[in-house]
Amino acid sequence: MTIEAIQNRFVEITKAYKALTDETVRENLEKYGNPDGRIDVSMGIAIPKWIVEGKNNIWVLGFYGIVFGGALPALVGRWWFGSRQKTKDGINALSAAAFFKTLREDSSFEEVLGTLAKGFQWEIPVHKFALSPELDTLEKQIVEKTGPKYQEVKEVCGDDAATRTGLILLYAYMLRLDVQSSILRREQRKMLLQTSLLLNALLNIATSRNWLSPSLTVMRLHAYITQALLPGPERMRFAQLPGIKLEEALTLAPKTTDLREFEQTLVEKHDIRILDIKTVLAKWGRVEIVDAAFKVIGERIVTPSSIVFLVVKLRISPPLSTAVQEEKLDANETKRRIKLNDEKDEEFLVSRKEAEELSSDSQVPGWIHAPYWPAERRPSWWIVLGDDKTNRIVVPPTRITDIPFAQPHHERDYRSYKIQFQAPPNVGVFTWKVQLVSDSFVNEDTSREITLKIEDASTLPNDNQSEDEISDPDEDSLAGQMAVMRGGAVKKKPNDEESDDESTTDDDENDDNSSSDSD
């Protein structure tokens, strides 16, 4: 035991002795629970002395009046009226109105780009650098490289100062032109980050009208802006690879449009960029549609106006992935895998989730190679169900992420996604197309035709009726007699059997009468 503990013990013994011998100490212990008597505890707030001094009252009241009577209402009002000017997509309401008026069902790529640039008028503040000589220089270079297409875009978006500035900076970015001014580069970065919100709002307007072609154009514009490219020859897709300039994309491999063949061409030329290119192509976001089908929970057929699920199975197969020969399985193993996949498909169909759970060993894409984009970016895709013949969207697009890479030796190296919609009210066969559009990789869209057959349930054979007839006992059997006594259903005896029995009985009676007459 320490000395401090011994001292505390001695103090306690002393207080206990006094409580027994001293009347005042005993009274304190009985009233307050403490032999030392009542202990007052006071709490307060540390306020500077000058605030509570009487001579400063007028200044303190004035300060509170300015803060709570002026600054706070102004701040709340600014937030309130500012939020009313924004749509749910985060853009100015005037930009959304301009999109709604300008976008058409047959809008071309240039017209969609001009519609996008029209929103810069309300999204980009006008500064004094809007009339910068460098903007004029950039615009001359843009006209030289694009020709009349740039003028077509300008006719759509107009020539407002903010619109012109945003359009020039956007084209300079997509043509990979150098911007010397640090102020312009900073504004270009802000403009590019804002284009994502503008494109999402533009896509919502196009899909709300069920326009297929403009919706696909807006989706593909995401990828073009991400990779700093303008639409052109299919070989321009090579400019997405590390170190490949726009001019080289057209000249390095003029006879091919395939990424794998382009990589082989660079290998043959001993190009020093091939290692970086192989690294990027090994994780390239080329999506493969494993399967696509329409399903209804608990039904074998699709009836009019029923709730239908479009189930799409997807996986990523990069251009450099090697084709693995399918392993040979015996009949039992094949049946086991089919049964396992069917059970997982059914479990996913009845669940509330729109995407199937990933397995623990699944690999999904990380950050993409987009050196010109001003921020890090993960890829995503849209699933679109549309009708090319009528240029209509059947089901609003769904944006998905985390598609797993193909793993050939796994039992289930894909991921299922589902979209719910209501079937058409008419009976018939509908041929549509499932399209998968990337927001990060140019010219990596994939599609598959799919047929939905709507059948009338009343025209199908009634299987339940035949099963009931088989299960009911015969009327003249013992089980049938017991069923009749219980009020149950029985199988009636056919009429021809009854007539045969009656005729047989009549014949017997005639034979008996003839025998009696002869006697």
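Observations
- Ratio of the Cα radius of gyration of segment 126-194 to 2.2 N^0.38 Å, where N counts its residues: 1.01
- From phi via Karplus (6.51, -1.76, 1.60), per-residue ³J(HN,Hα) for segment 171-181 in Hz, x at Gly/Pro: 5, 4, 5, 6, 9, 6, 8, 6, 10, 7, 5
- Spin-label model, LYS86 to LYS328: label points 7 Å out along the Cα-to-beta-carbon direction sit 6.4 nm apart.
- Carbon + sulfur, % of accessible area of segment 272-408 - ligands and nucleic acids excluded, 1.4 Å: 51
- Segment 397-442 - Debye-derived log10 I(q)/I(0), Cα point model, q = 0.20, 0.28, 0.31 Å⁻¹: -0.93, -1.20, -1.29
- Antiparallel DSSP beta bridges within segment 296-438, percent to nearest 5: 95
- For segment 83-118 and segment 213-235, distance of Cα centres in Å: 17
- Taking amide H as placed 1.01 Å from N in the peptide plane, LEU229 has no amide H partner under 5 Å among residues 5 or more places away or on another chain.
- Cross-link pairs exceeding 29 Å between alpha carbons, from the set LYS278/LYS339; LYS283/LYS433; LYS145/LYS389; LYS295/LYS339: LYS278/LYS339; LYS145/LYS389.
- Where GluC sites (Glu not before Pro) fall in DSSP loop in segment 377-451, at most 14 other Cβ within 10 Å: GLU411
- Integer Hz, Karplus 6.51/-1.76/1.60 couplings in order for segment 101-111, x for Gly and Pro: 7, 8, 5, 10, 5, 10, 5, 7, 4, 5, 5
- About the centre of its Cα atoms, segment 302-381 shows a dipole size close to 200 debye [charges on the beta carbon of Lys, Arg (+1) and Asp, Glu (-1) only; nearest 20 debye].
- The simple spin-label model puts a point 7 Å past each Cα toward its Cβ; for LYS15 and THR451 those points are separated by 9.4 nm.
- Hypothetical label at SER360: residues of segment 383-427 whose amide nitrogen lies under 18 Å (7 Å Cα-Cβ projection): 410-413
- Accessible surface, segment 136-180, averaged per residue in Å² (probe 1.4 Å): 45
- Alpha-carbon radius of gyration plus Dmax, which is the widest Cα pair, for segment 157-220 in Å: 13.9, 43
- Once the 1.4 Å probe is applied to the protein heavy atoms, segment 337-451 comes out at 53 Å² accessible per residue.
- Here's the list of lysines a cross-link from LYS101 could span, going by alpha-carbon distance under 18 Å and ignoring same-chain residues fewer than 8 apart: LYS86, LYS118, LYS154.
The values are calculated or read from the model by the stated rules, or taken from the named source; none is laboratory data. As the structure is a computational prediction, the values presented were derived from the model and not from experiment. We place every Cβ from the backbone using ideal geometry, glycine too, and count neighbours over all the protein chains shown. Note: accessible area is taken over every heavy atom of the protein model, side chains too, but ligands, DNA and RNA are not part of it. Shrake-Rupley method; radii C 1.70, N 1.55, O 1.52, S 1.80 Å.
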